[in-house]
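Scroll down for the structure; my scribbles are underneath it.
The values are calculated or read from the model by the stated rules, or taken from the named source; none is laboratory data. It should be emphasised that the depicted structure is a prediction, and the values quoted were computed from it without experimental measurement. Surface accessibility is based on the protein's heavy atoms, side chains included, excluding ligands, DNA and RNA. Shrake-Rupley method; radii C 1.70, N 1.55, O 1.52, S 1.80 Å.
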Amino acid sequence: MRKGSKETTPQRNKPLVATCEKFSALSEQNQKAGPKDFLQFLPLEICLKIFSQLDIQSLCSAAMTCRSWNRTLESCDHLWKHHCLIVRVVCQREIDGDRGNGYSWKVALLRNYRKSKVKRDWLSGKYSNIRSRSSLPEKSMYPMDVETWGEILEAELER
């Protein structure tokens, strides 16, 4: 080995070791202070990537976790768009109407999520053989407009 390479190797590792020691000290301080909001420590792009991996229920729960998460999720409408488009498969008219009226993806999703689940069950024939109102499961009903009930009745008549 050359004489100069021995000297540069330890110097190259010194900043890395110092950085690791600083990180370790920061980590200990953070553990003593309690849990921290990862939005404060990670770049926004990484935080949004994490949020984008959540399902609808988890995303809604995250929005209720704290103010900073709520503000972030409120300002990033694209996080809600994917879930809203899934609901749109069943509730196209409703979602398109909400979006046409200026509702955000999040609001359109929240307005139609439960309705889409009930409507999907009805359209799939899950309740086709129900003989009386008392036989209906509790979560099988949801306030729906005339057009929606018309779609459901048409599907029933085709069966």
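Computed extension length for ILE130-ILE86: 13.1 nm, one decimal, from 0.36 nm per residue of separation with the Cα-Cα distance subtracted.
From the largest down, the range 97-158 spans 41, 24, 16 angstrom on the principal axes of its Cα atoms. When TRP69, TRP80 are compared by accessible area at a 1.4 angstrom probe, the order from most to least is TRP69, TRP80.
Stretching ILE46 away from ALA155 to a fully extended chain increases their span by 34.8 nm, per 0.36 nm per residue minus the current alpha-carbon distance.
Legend: distances between Cα atoms for LYS49/LYS119; LYS49/LYS126; LYS81/LYS117; pairs beyond 28 Å are LYS49/LYS119; LYS49/LYS126.
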